[in-house]
């Protein structure tokens, strides 16, 4: 048995925040059971990253290296890690819950006769692993009942990356035996959909403006906020009716239906025609001077105030926070 | 092209869920059920592939008697026939055990393509399709928005994080898990429902498939989450409120 | 006001003219000389030829109607309603006159003239064959011919008026193309009347009398074969259409059997639909009142009916050719708000809404209709509880916040929220205010813990599958909760519960809140205000339910009632009905804007509505009119304003 292993994900030569969060979660788990917390980096040419990781970990840091792992494939990654974990026989394996992990970790666990406990938001005594059920309406506590390694993946933001201990881990290399024919899929280069002019439907953040903006001349105020956030700009119907913004930016029953992570409604009272288009948003922020505006009923956060004061202040605060 | 679509029946989106007496599952009586959303997209993708390339669409679903209504819905939307794996203990099985059931049911069909939704709206494991691929020893890709048949296999569009996409080529047979929103769902029609009455639904049980109930991972307890969604009004001057909001966006919404 | 004055002047004028010939005419009608055998044979031959030519076309039409599918829901009884409709609409020409007084009266005179002429015409031919049975010199004959002459004169004047209207005034709903056949028919009718009247001024058995007889005969024998070839077919068919009509306004017939998906191909056309298609007189009243046709959309209800006729003429009732295609555009069919103005106006008993909904059913039940917004609506109602696709939890929150009592079977009323009342912020305000009024009155009521959409939008859009699911689920919920009486702020819910659900069970008694409010007005505080309130008749309350006066009583108690130019049964739709509230942007001008402009144009300071959909449509539309537009409140809100203000904290 060789303790807790945290599989870190690298993207464009960097280890992302969620991987550091996974490392922190793994280290906490290790501390709880007096186990060593070790890290795995998978890919090719991960020397410098491994050095960075070694500065933040106590246990071992292993580079699972192979030329066929340069580009991610589910086949390649699960084959390589299967060989590695068969050799290491860990107690726990912790992943960040990323799209990549979701793509191969369940198969990897299955190859080892295990089941991944995915998208964990908390770790309790036992250990039991907490994850959301029914789209967040309930929480479930899971326990690993079988023998062998326990695989978990942790949700982004569930564990703070700040609590990581410093340490000087030793770095070693594991070279799996992989052949090109074993990798059956041919992945292409990542791309963005550039052809579409505006795709509010897949926008992660939207700043939407309503009648409260009063004049078309005031729109740059909203544009500045959207730019600062890196968000798309949208509007309620009256704004598009007036021709202040193109119709394709209209959110609502006769326009687009959106479901961003963040939806900021500025000067929008919240007529049903509008609510229908944005009800799928994960977080709604409403800025309106009327405290009784229906938009506040669907908002997670509300600021009651004059948008001409609040929006510039918010833009500045966001710019400051991003620096 | 023979396509198998694995679908799941889940509580309706609006359903009021209550925790059952044992505390490890929800009260199922009086609950209304629906086809899992991403499975609906998987079915839609399969139907479109069939319309373009010909072939057959077979749906497979595991669950108790009530699953029949969801199977009929899939048949009504255009699937040709169905396999109903009759099991009452679906929520006590982990993803591996459910994938084993599906794998045993799928194997004799020797399909060209197996589709499932990305994840279920109830348990939300998001693993069944990927494990199914491992069990069937087939290549797979997840988070797929669009599937095209090519002369050598498949060309699929996969969603990556933060607005990025990727195209992947893979040979058939293969397993794909389908992300919601890649295509437009067709609505169920009266004609479809009437035609579905005569379509074949084969029922089979876990014992016949040789998959015993076993779990590596157990759902011990379920509970209401602490916080309920309600509006937090951020007080203070414009500047103070803005600062408070940025804090929230950073640490609670985590978008900054 | 304007039309009323016209009405009185014109009728006086015609009455005056109608009474004058009695003085002018000599007492007896001249008869022609006796005809020889050859002449009689010629008469018989010509009459036979005319009848043959008539039948050559009419037989085909009749064949197409009779070979259409039987109407599964058709019941001749109770026959009283049918007889009443026939007498009122056909014999009295009530609908024809009421909706367009001047041309209506002109038409009525032509019609009555024809009725009076039946006996005259029979005798006319009998005289030709030497077997005349009405002697102009006898008292009965003399009287009858003079009696008919009055009608003949009125008819001649009427047809002249209609001629002038069609060819000189040319209202736009008659279509751009001039109908020369109508002109020719008018000429024939005019000749018929003039030759008859002229016979009073010539000597009996004189050559002139004989010539007049022949001209009259030839005009008649020419007229007869033209009838089935032109819109004048309505002369023969429309009395039957009115008598056989389905009855009940905009009644959507149940589907018959497992293979009925609505109007898909010619095989689905029922006898009533085919009869109605051939009965259309192309008067364009439907178009004149259609909100879609008036705002630059593709839909023109007249063209839908004529499209069916065109289809029947080309393909017939046994065809597998889709109905939506060459003759009827799918897009047009889905632009209908189901406001029913067309059907209400139609003087020949055509039921447009069931036909349009039937065509939609055909497209939706088979999956042929593809529309992003429509698909989304259907999916929302397949899976969720409301047409807006919002989580049912939001309704729970609203009920909690308002502390609305939950219906437990002991209360008198079940207050039905509906999608708008449960989820729309404006609709919620209406519900909250109506609940306040009910509480003030001490009415016992409760709301259901769970509601599903009544299915109104999917019903009108033709999705029978989802409609059935919703109707059955709701009926079951009502039965379980022992609901006996429902009151609702939404006329669409009221209509759907009361009429459309009947296909699947027995709905509880249901009333609209205007009816409830009007009944309790005397118990409410009277707070007089000088405010001018223009009331908008919702289609589903007015035309669909005949509730015109109760909401007005409520409005009058809150302020001064102002009538819009289009009001009561001529009210102009807000644009939301027929499921259109949930579809995307409409082509042409927005119906809601046209109506809002009309309402604002009355100078009223307040628009009173009685339907949450109208309210929601006008909210945006009035705002688009700019500054100084009237306020907008539901009648429940107008009523609640008069209540003494209460501390809202007491609900906790």
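Details
- Enumeration of residues in region C:69-85 that are exposed (fewer than 12 other Cβ atoms within 10 Å of the Cβ) and touching a strand residue (DSSP E or B) at 6+ places or on another chain (Cβ under 9 Å): C:70
- Listed conditions (1) more than 30 Å from residue B:155 (Cα to Cα); (2) more than 8 Å from every other protein chain (Cβ to nearest Cβ); (3) assigned to a loop (DSSP other than H, G, I, E, B); (4) out of contact with any strand residue (DSSP E or B) (no Cβ under 7 Å at 6 or more places or on another chain) are all met by residue A:177, apart from (1).
- Lone unmet requirement of (1) crowded, with 20+ Cβ neighbours inside 10 Å; (2) within 14 Å of chain C (Cβ to nearest Cβ); (3) free of Cβ contacts under 8 Å to residues at least 60 places away in the same chain for residue B:194: (1)
- Residues within region A:286-301 that are within 24 Å of the chain's Cα centre (by Cα) and buried (at least 24 other Cβ atoms within 10 Å of the Cβ), tallied: 2
- Taking (1) more than 20 Å from residue B:1 (Cβ to Cβ); (2) touching a helix residue (DSSP H, G or I) at 6+ places or on another chain (Cβ under 8 Å); (3) crowded, with 24+ Cβ neighbours inside 10 Å; (4) at pLDDT 95 or above in turn, residue B:119 satisfies each apart from (4).
- Of the residues making up region A:88-113, those that are more than 7 Å from chain B (Cβ to nearest Cβ) and without any contact (Cβ under 8 Å) to a residue 40 or more places away in the chain are A:104, A:112, A:113.
- Filtering region C:503-516 to residues that are surrounded by 14 or more Cβ atoms within 10 Å (Cβ to Cβ) and under 16 Å from residue C:545 (Cα atoms) leaves C:510, C:511, C:512, C:513, C:514, C:515, C:516.
- The set of residues in region C:577-589 that are under 22 Å from the mean Cα position of the chain (by Cα) and in a loop (DSSP other than H, G, I, E, B) comprises C:577, C:578, C:579.
- The residue list A:273, A:282 contains one member that is touching a residue at least 12 places away in the same chain (Cβ under 8 Å) and within 21 Å of the chain's Cα centre (by Cα), which is A:282.
- Strands (runs of 3 or more DSSP E) fully within region A:1-111 counting 3 or more residues that are closer than 23 Å to residue A:130 by Cβ: A:4-8, A:92-96
- Members of region A:285-296 that are in contact (Cβ under 8 Å) with a residue 24 or more places away in the chain and either more than 9 Å from every other protein chain (Cβ to nearest Cβ) or out of contact with any helix residue (DSSP H, G or I) (no Cβ under 7 Å at 6 or more places or on another chain) (or both): A:288, A:289, A:293, A:295, A:296
- Residues within region C:395-417 that are within 12 Å of another protein chain (Cβ to nearest Cβ) and either part of a loop (DSSP other than H, G, I, E, B) or buried (at least 19 other Cβ atoms within 10 Å of the Cβ) (or both), tallied: 2
- Residue A:270 being out of contact with any strand residue (DSSP E or B) (no Cβ under 6 Å at 6 or more places or on another chain), within 14 Å of chain C (Cβ to nearest Cβ) and within 30 Å of residue C:587 (Cβ to Cβ): yes
- Exclusive hit being within 12 Å of chain B (Cβ to nearest Cβ) and crowded, with 19+ Cβ neighbours inside 10 Å, set A:206, A:239: A:206
- Condition met for residue B:194 (over 30 Å from residue A:148 (Cβ atoms), at pLDDT 90 or above and assigned by TED's automatic domain parsing to the domain that holds residue B:80): yes
- Residue in region C:252-259 that is without any contact (Cβ under 8 Å) to a residue 24 or more places away in the chain, farther than 29 Å from residue C:106 by Cα and outside any helix (DSSP H, G or I) present: yes
- Selection status of residue A:245, touching a strand residue (DSSP E or B) at 6+ places or on another chain (Cβ under 6 Å), within 14 Å of chain B (Cβ to nearest Cβ) and closer than 21 Å to residue A:315 by Cα: no
- Residues being in contact with a helix residue (DSSP H, G or I) (Cβ under 8 Å, 6 or more places away or on another chain), part of a loop (DSSP other than H, G, I, E, B) and more than 7 Å from chain B (Cβ to nearest Cβ) - total across region A:114-128: 1
- Residues of region A:209-236 that turn out to be away from chain B (no Cβ under 14 Å), without any contact (Cβ under 8 Å) to a residue 40 or more places away in the chain and in contact with a strand residue (DSSP E or B) (Cβ under 8 Å, 6 or more places away or on another chain), as a count: 6
- Lone unmet requirement of (1) more than 7 Å from every other protein chain (Cβ to nearest Cβ); (2) in contact with a helix residue (DSSP H, G or I) (Cβ under 8 Å, 6 or more places away or on another chain); (3) not in a helix (DSSP H, G or I) for residue B:203: (2)
- All positions within region A:249-258 that are within 12 Å of chain C (Cβ to nearest Cβ) and either over 8 Å from residue A:200 (Cβ atoms) or assigned to a loop (DSSP other than H, G, I, E, B) (or both): A:250, A:252, A:253, A:254, A:255, A:257
- Residues (crowded, with 24+ Cβ neighbours inside 10 Å and in contact (Cβ under 8 Å) with a residue 60 or more places away in the chain) located in region C:313-333: C:323
- Residue within region B:213-232 that is in contact (Cβ under 8 Å) with a residue 40 or more places away in the chain and more than 10 Å from chain A (Cβ to nearest Cβ) present: yes
- Of the residues making up region A:43-68, just one is surrounded by 24 or more Cβ atoms within 10 Å (Cβ to Cβ) and in contact with a helix residue (DSSP H, G or I) (Cβ under 6 Å, 6 or more places away or on another chain), namely A:61.
Yes or no, residue by residue, for (1) in contact with a strand residue (DSSP E or B) (Cβ under 7 Å, 6 or more places away or on another chain); (2) farther than 24 Å from residue B:24 by Cα; (3) assigned to a loop (DSSP other than H, G, I, E, B):
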position: B:191; (1), (2), (3): no, yes, no
position: B:195; (1), (2), (3): no, yes, no
position: B:199; (1), (2), (3): yes, yes, yes
position: B:213; (1), (2), (3): no, no, yes
position: B:219; (1), (2), (3): yes, no, no
position: B:226; (1), (2), (3): no, no, yes
position: B:236; (1), (2), (3): no, yes, yes
position: B:240; (1), (2), (3): no, yes, no
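One line per residue, one yes/no per condition, for (1) more than 11 Å from every other protein chain (Cβ to nearest Cβ); (2) not in a helix (DSSP H, G or I):
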site: B:42; (1), (2): yes, no
site: B:59; (1), (2): yes, yes
site: B:73; (1), (2): no, no
site: B:119; (1), (2): no, yes
site: B:124; (1), (2): no, yes
site: B:133; (1), (2): no, no
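The values are calculated or read from the model by the stated rules, or taken from the named source; none is laboratory data. Quick caveat, the model's predicted, so the values are computed rather than measured. For neighbour counting, all protein chains shown are included, and Cβ atoms are generated from backbone atoms with ideal geometry for every residue, glycine included.
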